[in-house]
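A short worksheet on the structure shown next.
Each reported figure results from applying straightforward, stated rules to the coordinates on display, with no laboratory input. Values in this document were obtained by computation on a predicted structure and should not be read as measured data. Cβ placement follows ideal geometry from the backbone for every residue including glycine, while neighbour counts extend to all protein chains displayed.
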Protein chains: 2
Amino acid sequence: MSHNELDLAALLHNEGYRLTPQRQMVLDAVCEADGHATAEQIYELVHQKSETVNRATIYRTLKFLREMGLVVSTTLPDGGVEYELAGSKPHHHLVCHACGIDYEIPDKLFFDLVQTISETYDFRVDTTHLSLYGICAECQSGV
Amino acid sequence: MSHNELDLAALLHNEGYRLTPQRQMVLDAVCEADGHATAEQIYELVHQKSETVNRATIYRTLKFLREMGLVVSTTLPDGGVEYELAGSKPHHHLVCHACGIDYEIPDKLFFDLVQTISETYDFRVDTTHLSLYGICAECQSGV
DNA sequence: ATGGATGCAAAAGTTTTGCAAAGAA
DNA sequence: TTCTTTGCAAAACTTTTGCATCCAT
């Protein structure tokens, strides 16, 4: 990740912002949690590294990073909000009601659906992040 | 709706519960809001009819009605929770980021997707309620 | 009288905001 | 200095819970 830091600092500077240790830590935490992390989980990770960091900073930073296009957030069907790095390939989540396992599934599965909706309703679906709930194979067989 | 009241009272009585005015009003409000209503919106509707009804009652009643299988709830991508009558045909929502308009779309659009996911991942998707966000036709043309 | 349902108030969980202090530019 | 960023505390918002009371059976 270190190769990104210079770019990142430059990117923020271009917009008149700064790359602070807190911002770096939050971004690292999002990266580390790899795939999906709640604000609270990110807070825990950052807090381990620096005790003084405040929750308000986590929330502000996540909002900031989202506005900068560096992270994206999803709302899960249970209402929780998760963050992950932007720039990764568009993908979506299958979350198991029963055991909570979270599969990533590729964007292309949604192509036909999005295409049909576009044609039928002239509605442009935002597919940056979708989560579907259900029951995974293991839980179906009652393990 | 009045033809349902007897059945409803009987249904609840069979389980050892009662059909109170509050429960009737909440159910009416869910019905009236037709399609989607937040707890707060339901509270407003009920409160208009009876000033003394408390928010706690609204939440308790919605939870109760959901457990009784009479209403279902969805979590929208923005994190809000909406309630609607159960028993209506399965359908989903297209919500516009820009203007908030909410189209209902039929379940069958998702058949292929759900089928593919089932075959590929052996994952049984719960499609009782899905919401997709995006931009509607009007907002695309910048009205 | 028994047990369910309600209103009220308080609590709990999550996210936001005002403000003064600290730190880069 | 000037403007951004942070920490702290408090507020805001949504939802839940304890408890006394009320009500139907």
B:HIS92's amide H: which non-local residues (gap 5+, or another chain) put their own amide H closer than 5 Å, with H modeled 1.01 Å from N in plane and none for Pro or chain starts?
B:ILE105, B:ASP107
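What dipole magnitude, in Debye to the nearest 20, does the protein assembly as shown give about its Cα centre under +1 on Lys/Arg Cβ and -1 on Asp/Glu Cβ? Mind dumping the intermediate values first?
Numbers: 20 positive and 42 negative charges, 137 e Å.
So the magnitude is around 660 debye.
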Sorted from largest down, what three extents in whole angstroms do the Cα atoms of chain B have along their principal axes?
44, 42, 27
Once normalised by the length of chain A, the mean sequence separation of its alpha carbon contacts under 8 Å that are 6 or more apart gives a contact order in percent of 19
Could you work out which residue, out of B:VAL72, B:VAL30, B:VAL81, moves most in a Gaussian network model of chain B, that is, has the largest mean-square fluctuation with Cα springs under 10 Å?
B:VAL81
Chain B: most fluctuating residue of B:GLY16, B:GLY79, B:GLY100 per GNM, C-alpha cutoff 10 Å
B:GLY16
With charges only on Cβ, +1 for K and R and -1 for D and E, what is the dipole size of the range B:89-143 about its Cα centre, in debye, rounded to 20?
60
What 222 nm value per residue comes from the helices of chain A, counting each DSSP H run with n ≥ 4 as -39,500 (n - 2.57) and dividing by all residues, nearest 500 deg cm²/dmol?
-13500 deg cm²/dmol
Considering the options B:ALA56, B:PRO77, B:TYR43, tell which one lies farthest towards the positive end of the dipole of the range B:30-89, charges being +1 on Lys and Arg and -1 on Asp and Glu at the Cβ, about the Cα centre.
B:ALA56
Along Cα-to-Cβ, 7 Å out, sits the label point; list in nm, shortest first, how far the one on A:SER141 is from those in the other copies.
5.4
Considering only the protein assembly as shown, what is the antiparallel percent among its DSSP beta bridges, to the nearest 5?
80
So which residue, out of A:ALA86, A:ALA29, A:ALA56, gets the largest mean-square fluctuation from a GNM of chain A using Cα contacts under 10 Å as springs?
A:ALA56
Rounded, prolate or oblate, given the Cα gyration tensor of the protein assembly as shown, with a/c below 1.5 counting as rounded?
prolate
With r as the distance between the Cβ atoms of B:ASP107 and B:MET68 and R0 = 25 Å, compute the FRET efficiency 1/(1 + (r/R0)^6) and round to 0.05.
0.65
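Determine, from the Cβ-Cβ distance of B:GLU40 and A:ARG60 and an R0 of 22 Å, the FRET efficiency 1/(1 + (r/R0)^6), rounded to the nearest 0.05. Spell out each step's value before the answer.
Working: r = 26 Å, r/R0 = 1.19.
For R0 = 22 Å, the calculated efficiency reads 0.25.
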Shape parameters for the range B:89-143, alpha-carbon atoms, Rg then Dmax in Å
13.8, 44
Taking the label point as lying 7 angstrom from Cα along the Cα-to-Cβ axis, what are the distances from A:CYS31 to the corresponding position in the remaining copies, in ascending order and in nanometres?
5.7
1/(1 + (r/R0)^6) with r = Cβ-Cβ of B:HIS97 and B:ALA10, R0 = 51 Å, i.e. FRET efficiency to nearest 0.05, evaluates to 0.70
Suppose every Lys and Arg Cβ carries +1 and every Asp and Glu Cβ carries -1, with no other charges. What dipole size does chain B come out with about its Cα centre, to the nearest 20 debye?
440
Between the label point of B:HIS97 and that of the same position in each other copy, find the distances and list them shortest first in nm, with every label point placed 7 Å from Cα along the Cα-to-C-beta direction.
3.0
